[in-house]
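A quick write-up on the structure given underneath.
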């Protein structure tokens with residue numbers, strides 16, 4: 001699988017790394033595993049490192065992921081760190097798609113800037129009133 005994640009409960013941060021060839025199904029499977037992880041907390045910040053991804057999801061697939069996140073995941077803040085223009089553009093598109101649900105996502109090209117933004121005080125965040133893991137995404 002080309003996506004890994006770890007949950008740092010002390011830092012209240014979920015770090016995900018996307019590398020190599022990826023597919024929409026892999027992303028959906030990883031998101032499902034993350035939601036079912038006993039350490040998952042929807043209020044934790046998220047860092048998505050897509051700098052080493054060789055294939056990027058389509059715009060339609062990004063819309064599908066945004067829909068799942070809006071409905072089931074909520075969240076504090078997510079930073080997406082991209083190296084390519086395409087990856088950065090898709091991260092910005094994702095940001096716009098989840099913004100109306102009150103989820104704050106920012107695209108970055110620099111890991112240090114992303115970490116500083118994630119660690120800065122947030123104005124507020126959206127966590128679903130009743131958090132329940134969906135049967136399947």
Q. Viscosity 0.890 mPa s, temperature 25 °C: Stokes-Einstein D of the range 3-119 from its Kirkwood Cα radius, in µm² per second?
A. 175 µm²/s
Q. How much FRET efficiency would the formula 1/(1 + (r/R0)^6) give for residue 21 and residue 43, where r is the Cβ-Cβ distance and R0 is 35 Å, rounded to 0.05?
A. 0.65
Q: Run the quick spin-label model on residue 101 and residue 60: label points 7 Å from Cα toward the beta carbon, then report their separation in nm to one decimal.
A: 2.0 nm
Q) Quick one: if you take sqrt(5λ) for each eigenvalue of the C-alpha gyration tensor of the range 22-76, what semi-axes come out, biggest first, whole angstrom? A) 20, 13, 11
Q. Sorted by packing (mean other beta-carbon atoms within 10 Å per residue), highest first, where do 13-21, 109-117 land?
A. 13-21, 109-117
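Read-outs: derived from the displayed coordinates by stated rules, not from any lab. Quick caveat, the model's predicted, so the values are computed rather than measured. When we count neighbours, we look across all protein chains shown, and the Cβ atoms used for this are built from the backbone with ideal geometry, even at glycine.
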